[in-house]
Amino acid sequence: MSLKQENRGKIVNAMLRYSEEKHWKPVLECLGINEKEAERLVRLLMMHLILDRGITGLLAMKLADASESSSLTKIEAGIATVSMDKRIDLAKSLSVISDSCAADIKEVNKVRNKFAHYTPRSGWDLEVEEISSDAAFRKCAERGRRAVTSLANVVARFDRSLTLLKGKALVKDKL
């Protein structure tokens with residue numbers, strides 16, 4: 001690495017530190033959370049993002065499999081407009097996910113909604129136990145991890161079923 005590249009790296013790092021001190025810390029202070037709580041918040045948001053996309057994709061695959069006339073993308077776009085809670089209920093009622101997976105996803109969704117939606121009684125502070133408490137965070141994160149694992153297993157089973165169906169169709173076509 002040349003001296004110029006090394007200096008550029010130092011300059012970029014200094015700018016990032018300045019930006020974080022100048023812009024990010026005041027936001028955290030305004031919300032009443034520290035850096036550790038902010039990290040938990042980001043992790044829970046990422047977990048929710050994965051679950052949101054997973055449940056939407058699984059429902060779209062299930063419904064596209066039942067309806068040969070609609071494209072997966074079109075079905076997925078329609079499902080994405082439905083509330084997360086309703087998508088969880090639909091996936092459960094269609095036996096796409098288990099009761100325990102649905103409960104785990106609902107818990108992560110409930111926690112996400114606590115800090116994602118403003119309620120006047122709570123004010124600007126993000127007083128969410130799952131963000132401020134190590135034990136509550138670990139419990140919620142574990143439920144999210146279980147739900148993600150469960151969704152991944154459903155996708156794997158669905159993929160195996162599609163492969164078997166395609167194999168049968170190929171054999172039938174050859175006959």
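The values are calculated or read from the model by the stated rules, or taken from the named source; none is laboratory data. Please read these numbers as outputs of a predicted model, since none were measured by experiment. Every residue, glycine among them, receives a Cβ derived from its backbone with ideal geometry; neighbour counts consider all protein chains shown.
Just a few scattered comments:
- When restricted to residues that are among the small types (Gly, Ala, Ser) and at negative phi, segment 30-49 contains 1.
Table: residues versus (1) outside the structural domain of residue 148 (by TED's automatic domain parsing); (2) without any contact (Cβ under 8 Å) to a residue 40 or more places away in the chain; (3) touching a Ser or Thr at 6+ places or on another chain (Cβ under 9 Å).
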{"site": "12", "(1), (2), (3)": "yes, yes, no"}
{"site": "15", "(1), (2), (3)": "yes, yes, no"}
{"site": "18", "(1), (2), (3)": "yes, yes, no"}
{"site": "26", "(1), (2), (3)": "yes, yes, no"}
{"site": "39", "(1), (2), (3)": "no, yes, no"}
{"site": "46", "(1), (2), (3)": "no, yes, no"}
{"site": "53", "(1), (2), (3)": "no, yes, no"}
{"site": "61", "(1), (2), (3)": "no, no, no"}
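- Taking first residues from segment 88-109 that are buried (at least 22 other Cβ atoms within 10 Å of the Cβ) and partners that are among the hydroxyl-bearing types (Ser, Thr, Tyr), the Cβ contacts under 6 Å between residues at least 6 apart in sequence or on separate chains come to 101/150.
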